[in-house]
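The values are calculated or read from the model by the stated rules, or taken from the named source; none is laboratory data. Model, not experiment: these values are computed from the prediction. Neighbour counts run over all protein chains shown; Cβ positions are idealised from the backbone, glycine included.
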Amino acid sequence: MKPVSRFLMSVLLLGLLAGPAVAQRAEQIEIGGFGSFTRYDRAFLLKSQIGGGVRIGYYTSNRIGIELEGGYQNPINLSGTQTATLSLASASLVLNYPAGKTNEFYILGGFSRLTFGDAAPYSFTDNGLHGAIGDRVFFGEHLALRLEGRAIWSPKTNYPTGTWGGQVIGSAGLSYFLIPPQGRNRAAANNYQWYWGAQGGAFISKTNVQGTTYDPMIGGHWLITARRTALYVAYEQAVFLGDDPAIIADPNSSTGLRDVTFHDMRRLMFGVLAFPTQKVIEPFAGGGFALMQVLNPVVDCSGGSPNADCPTLSDVISAQDRADEASSKAFFWLSGGVQISYGKLSVFGQYILTSSARGFLLDGTTHSLQGGVRYTLGTSKEGITERN
């Protein structure tokens with residue numbers, strides 16, 4: 001491994017010592033799709049296969065970038081009797097080297113995770129290191145043809161009869177580059193703006209009788225930005241995939257407890273977000289308070305049946321009132337995420353944690369993983385006109 005390490009270090013130093021880039025790439029985002037052709041490790045007994053994938057990258061400077069990539073293939077074994085699937089995810093550090101006005105060579109390296117399915121022996125996961133060399137051929141500022149050769153090395157494979165794994169992948173695809181506004185224009189694009197947005201994701205919760213569940217969540221929000229902070233107001237609703245059960249206290253019950261089922265949840269959030277940098281990709285964090293309401297709580301009480309636990313209408317109403325009381329509480333919340341801003345449009349991903357509340361139908365803290373977009377409709381600060 002020492003000769004390989006020395007070679008990669010030499011290439012890295014040459015790239016860093018080279019002349020200035022033809023185009024300024026710092027803070028640009030590359031989004032692309034590609035087709036691929038993979039030659040699998042001989043021990044896997046799989047035919048070479050065509051596949052495809054998508055990637056997103058970010059230039060931290062004119063030379064250095066980071067990149068995430070996902071791919072998919074559906075190979076077949078050499079005898080043609082069994083198919084398999086391969087899902088590939090990777091993270092890379094990219095070194096870019098412009099060569100002329102329309103070419104940009106690059107090398108990259110990083111970590112890959114290969115997930116094989118569907119049935120034995122092709123039902124395993126490998127972790128590996130990868131390296132690649134490639135070229136971008138630009139057609140204007142935004143569009144480029146990207147060609148790449150990549151090798152993935154797994155020091156230990158989980159294939160039943162394998163020892164180590166090695167795959168070779170060639171790919172070709174198109175990339176689109178998002179170019180940020182520069183200098184003062186970029187800061188002005190984010191400061192003192194009214195943003196309207198939408199978000200969606202997963203709501204993660206549990207009850208005192210049911211384990212963790214994952215339900216879809218959608219919503220909208222309103223953001224008023226200052227220089228590095230913003231007022232955040234959001235309305236969201238989780239759509240449960242089934243009725244969630246819980247138990248509440250009820251002294252009128254023969255057991256002192258009452259079964260409740262409910263469906264869906266809505267949340268109204270108020271708080272402040274902090275944006276510490278003025279970059280195209282910037283982290284943010286925030287907190288505030290929220291009102292959460294579980295919808296459609298129904299107690300297990302049939303009312304008029306002779307053997308029911310609620311023999312009178314008064315008992316039914318009292319039990320339902322207790323369920324309604326346990327369905328709505330106030331909470332504190334904390335969030336963290338990353339935002340990508342280009343002019344009036346921003347794309348973001350965030351995680352939200354809400355505190356627990358005693359007597360609430362949802363037990364303990366709740367969690368949300370969300371992605372969304374927001375768009376500014378104008379300034380939130382009146383300009384100052386000069387005196388003639």
Does any residue of region 213-224 turn out to be of a type in the set (Ser, Thr, Tyr) and more than 16 Å from Leu353 (Cα to Cα)?
no
Just for region 315-346: of the residues that are under 15 Å from the mean Cα position of the chain (by Cα) and surrounded by 17 or more Cβ atoms within 10 Å (Cβ to Cβ), which one is modelled with the highest pLDDT?
Ser335
Quick check: anything in region 354-373 at pLDDT below 90 and either among the acidic types (Asp, Glu) or within 23 Å of the chain's Cα centre (by Cα) (or both)?
no
With the checklist (1) touching a residue at least 60 places away in the same chain (Cβ under 8 Å); (2) surrounded by fewer than 18 Cβ atoms within 10 Å (Cβ to Cβ); (3) under 25 Å from Gln28 (Cα atoms) in hand, flag the one item Thr225 doesn't pass.
(2)
Any chance region 97-110 includes a residue that's farther than 18 Å from Ile31 by Cα, assigned to a strand (DSSP E or B) and of a type in the set (D, E, K, R)?
no
Out of (1) in contact with a strand residue (DSSP E or B) (Cβ under 9 Å, 6 or more places away or on another chain); (2) not in a strand (DSSP E or B), the one Gly80 does not meet is (1)
Tell me, please, whether a residue that is in a loop (DSSP other than H, G, I, E, B), polar (S, T, N, Q) and either more than 30 Å from Leu377 (Cβ to Cβ) or outside the structural domain of Thr354 (by TED's automatic domain parsing) (or both) can be found in region 275-291.
no
Here is a check on your reading of the model: is Ala189 outside any strand (DSSP E or B), among the aliphatic types (A, V, I, L, M), at pLDDT below 90 and surrounded by fewer than 15 Cβ atoms within 10 Å (Cβ to Cβ)?
no
Exactly one of Val272, Val260, Val233 is in a strand (DSSP E or B), outside the structural domain of Gly53 (by TED's automatic domain parsing) and crowded, with 19+ Cβ neighbours inside 10 Å, and that residue is Val260
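The rows are residues; the columns are (1) in contact with an Asp or Glu (Cβ under 9 Å, 6 or more places away or on another chain); (2) not aliphatic (A, V, I, L, M).
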site	(1), (2)
Gly140	no, yes
Ala151	no, no
Thr157	yes, yes
Ser171	yes, yes
Trp196	no, yes
Thr225	no, yes
List the number of the failed condition for Asp324; all other conditions in (1) in a strand (DSSP E or B); (2) out of contact with any strand residue (DSSP E or B) (no Cβ under 6 Å at 6 or more places or on another chain) hold.
(1)
Kindly evaluate Asn158 against the criterion of being surrounded by 14 or more Cβ atoms within 10 Å (Cβ to Cβ) and either in the same structural domain as Ala323 (by TED's automatic domain parsing) or in contact with a helix residue (DSSP H, G or I) (Cβ under 9 Å, 6 or more places away or on another chain) (or both).
no
Based on what the data block shows, is Arg266 assigned to a strand (DSSP E or B), surrounded by fewer than 18 Cβ atoms within 10 Å (Cβ to Cβ) and over 21 Å from the mean Cα position of the chain (by Cα)?
yes
Can you confirm whether region 303-313 contains a residue that is in the same structural domain as Val233 (by TED's automatic domain parsing) and modelled with pLDDT of 90 or more?
no
Expected single match for free of Cβ contacts under 8 Å to residues at least 24 places away in the same chain and out of contact with any strand residue (DSSP E or B) (no Cβ under 6 Å at 6 or more places or on another chain) among Gly162, Gly149, Gly140 is Gly140
